[in-house]
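The values are calculated or read from the model by the stated rules, or taken from the named source; none is laboratory data. The shown structure was predicted, so the numbers you read here are calculated from the model rather than taken from an experiment. A quick note on method: Cβ atoms are made from the backbone with ideal geometry, for glycine too, and the neighbour counts reach across all protein chains shown.
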Ligand SMILES: Nc1ncnc2c1ncn2[C@@H]1O[C@H](COP(=O)(O)OP(=O)(O)OP(=O)(O)O)[C@@H](O)[C@H]1O
Ligand SMILES: [Mg+2]
């Protein structure tokens with residue numbers, strides 16, 4: 001939770017006819033935060049962002065920005081600016097005019113205007129591009145112009161709707177870093193929409209994971225990745241082995257859980273409370289699983305045997321798929337490629353034993 | 001080796017591959033043929049006729065510029081040409097001013113059945129042009145709809161006689177007749193505008209009016225220019241509307257051409273007036289396009 005909430009979204013819903021695009025969302029976003037809205041396609045991210053920008057009016061609920069009630073404020077009077085999903089660069093204006101578009105009302109003298117624009121042009125590393133027309137720019141440059149055009153307005157909040165979605169992988173990774181650095185320099189609150197979980201994890205201070213119009217969980221990337229509370233979030237962020245289970249008993253600092261695939265396993269109690277017999281899910285990250293060798297010294301809290309069926313090789317690591325008896329869902333194990341360990345491990349339909357520690361077993365409430 | 005490449009390069013297929021322009025000409029050839037038969041040759045005939053002059057006996061002709069001289073000596077002719085350009089300019093402006101809101105409405109505020117609206121706009125065109133002009137006569141006439149309506153409402157004692165048989169009536173009738181030709185291109189250019197551009201303008205602090213002036217209007221200019229030309233060019237030569245609703249003061253160049261070919265039976269003179277009118281229109285259009293370019297450069 002941020003100390004002071006800068007953007008406050010309270011009980012906001014948006015209906016389009018019978019479609020509920022956003023369903024009673026509560027969010028508090030702090031000043032200067034890099035906040036991501038993450039979720040699969042159609043979950044209502046854009047709609048929520050457009051309500052912050054003022055393009056959609058909430059069917060229910062209130063939005064406050066910096067202590068000001070926003071419901072009746074039109075988009076052109078809100079202290080927010082938006083970078084559109086398709087950038088929405090004005091095709092009839094050149095780069096300079098696009099960036100200067102929002103400064104008309106300031107009535108700056110020509111040299112002052114020139115200076116302001118060239119300042120942001122150097123901020124986005126596009127000095128000397130002022131005369132270019134939008135159709136003479138690359139995708140990444142267009143994205144930067146959209147960013148500059150919004151930032152020159154010195155907004156309190158910058159809204160970004162999948163700004164990197166149209167870029168290829170390398171450029172996207174570079175722009176992720178640049179965007180993050182830029183946000184640190186200008187100190188503006190960023191609300192960033194993405195459906196790319198890796199992008200959200202890399203860039204954000206905090207993430208709200210959305211599904212079907214609802215915000216399921218809010219937290220830092222570490223929180224959400226390492227301690228997800230719901231099965232959806234556990235599954236959506238990174239790769240996860242999730243199994244149905246139910247609580248057998250509580251044993252000191254652990255729960256004993258019965259699962260069909262892994263048998264009876266124990267898991268360290270974190271914060272949740274489960275009652276005996278409660279149906280829930282058990283989750284294990286691939287990187288928390290290990291192949292147990294006969295000569296291995298580490299003591300595992302749990303283990304299971306299976307047959308290696310497939311390997312996905314990533315260079316620096318590999319994912320091994322292990323078929324478990326009585327289950328059609330393979331167990332995914334990730335191993336680091338230390339001195340070619342991954343390529344060596346990946347041979348044949350060997351039988352292997354996979355082990356884990358009980359603190360890495362995640363217990364998830366069934367939503 | 002060599003002979004085989006020679007052989008393939010001779011076949012039509014590989015000719016087309018090597019010179020893609022050939023394929024283009026082949027595709028365009030029916031249209032080009034039609035243009036030559038139906039446009040270029042009549043034009044050459046017309047131009048040729050305009051340099052002819054009758055000498056005493058009826059089957060003897062000679063080449064001269066006399067028809068052109070005759071035209072420019074008669075101030076009545078020159079004035080009519082100037083008035084035609086003036087009227088058509090006004091018609092084009094009025095039509096576009098009337099058409100823009102209609103096109104805007106269909107493009108931005110009609111969400112279902114856009115096609116139905118567009119068809120409804122072309123509905124008047126399903127009747128003959130002549131009928132439409134006549135119905136304007138009924139509306140604007142001395143005992144017409146407007147006059148009898150106003151009299152019935154006791155707003156006037158005598159029928160107004162300034163609403164028919166003058167330039168205003170010509171402009172009104174032509175603007176109505178050509179409305180669809182203005183609405184359609186403007187609609188297309190508005191429809192093409194990405195709605196997020198208008199939202200971006202709002203987002204950058206511009207209210208509806210300024211967003212319209214700075215984004216929507218400039219982006220719809222191609223449609224506006226097309227509409228202005230589509231209305232201006234054909235209306236300069238119109239002679240039915242001025243004849244029926246224009247009265248003596250509403251005559252246009254088309255009426256002069258018609259009477260030269262008809263009543264006066266002086267084809268060379270008619271041809272010369274046609275050529276002069278054509279050149280004037282071309283000149284006016286070029287001037288207009290140059291002006292638009294200039295304005296665009298200054299604004300952008
Ligand atoms: N103007 C609208 N009219 C009707 N339904 C809409 C409208 N805008 C959005 N929706 C619906 O609301 C839901 C949420 O849409 P939204 O655009 O917010 O999704 P999103 O999370 O941004 O998806 P994506 O990642 O694909 O951009 C979708 O089911 C969509 O069909
Ligand atoms: Mg979206």
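Structure notes:
- Set side by side, the residues A:133, A:125 differ, and just one is out of contact with any helix residue (DSSP H, G or I) (no Cβ under 6 Å at 6 or more places or on another chain) and within 12 Å of chain B (Cβ to nearest Cβ), which is A:133.
- Qualifying residues in region A:40-63 (those that are crowded, with 22+ Cβ neighbours inside 10 Å and at positive phi) - the one nearest to ligand 2 (Cβ to nearest atom): A:44
- For region B:199-209, residues that are in a helix (DSSP H, G or I) and either surrounded by fewer than 20 Cβ atoms within 10 Å (Cβ to Cβ) or within 7 Å of another protein chain (Cβ to nearest Cβ) (or both) total 6.
- Leading residue by the ranking (farthest from the other protein chains (Cβ to nearest Cβ)) among those in region A:83-106 that are within 20 Å of residue A:137 (Cβ to Cβ), in a helix (DSSP H, G or I) and touching a residue at least 24 places away in the same chain (Cβ under 8 Å): A:95
- Any hit, region A:190-202, residues being closer than 30 Å to residue A:269 by Cβ, within 16 Å of ligand 1 (Cβ to nearest atom) and crowded, with 21+ Cβ neighbours inside 10 Å: yes
- Residues of region A:57-80 classified as within 14 Å of another protein chain (Cβ to nearest Cβ), touching a strand residue (DSSP E or B) at 6+ places or on another chain (Cβ under 6 Å) and within 16 Å of residue A:15 (Cβ to Cβ), total: 0
- Options B:96, B:91: the member that is closer than 22 Å to residue B:258 by Cα and modelled with pLDDT of 90 or more: B:91
Every residue, every condition in (1) closer than 30 Å to residue B:143 by Cα; (2) within 14 Å of another protein chain (Cβ to nearest Cβ), yes or no:
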position	(1), (2)
B:163	yes, no
B:166	yes, no
B:175	yes, no
B:183	no, no
B:196	no, yes
B:211	no, yes
B:216	no, yes
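- So residue A:213, is it buried (at least 17 other Cβ atoms within 10 Å of the Cβ), within 29 Å of residue A:150 (Cβ to Cβ), within 16 Å of ligand 1 (Cβ to nearest atom) and modelled with pLDDT of 90 or more: yes
- Residue within region A:167-175 that is more than 14 Å from every other protein chain (Cβ to nearest Cβ), within 13 Å of ligand 1 (Cβ to nearest atom) and farther than 17 Å from residue A:123 by Cα present: no
- Residue within region A:104-118 that is out of contact with any helix residue (DSSP H, G or I) (no Cβ under 6 Å at 6 or more places or on another chain) and within 16 Å of ligand 1 (Cβ to nearest atom) present: no
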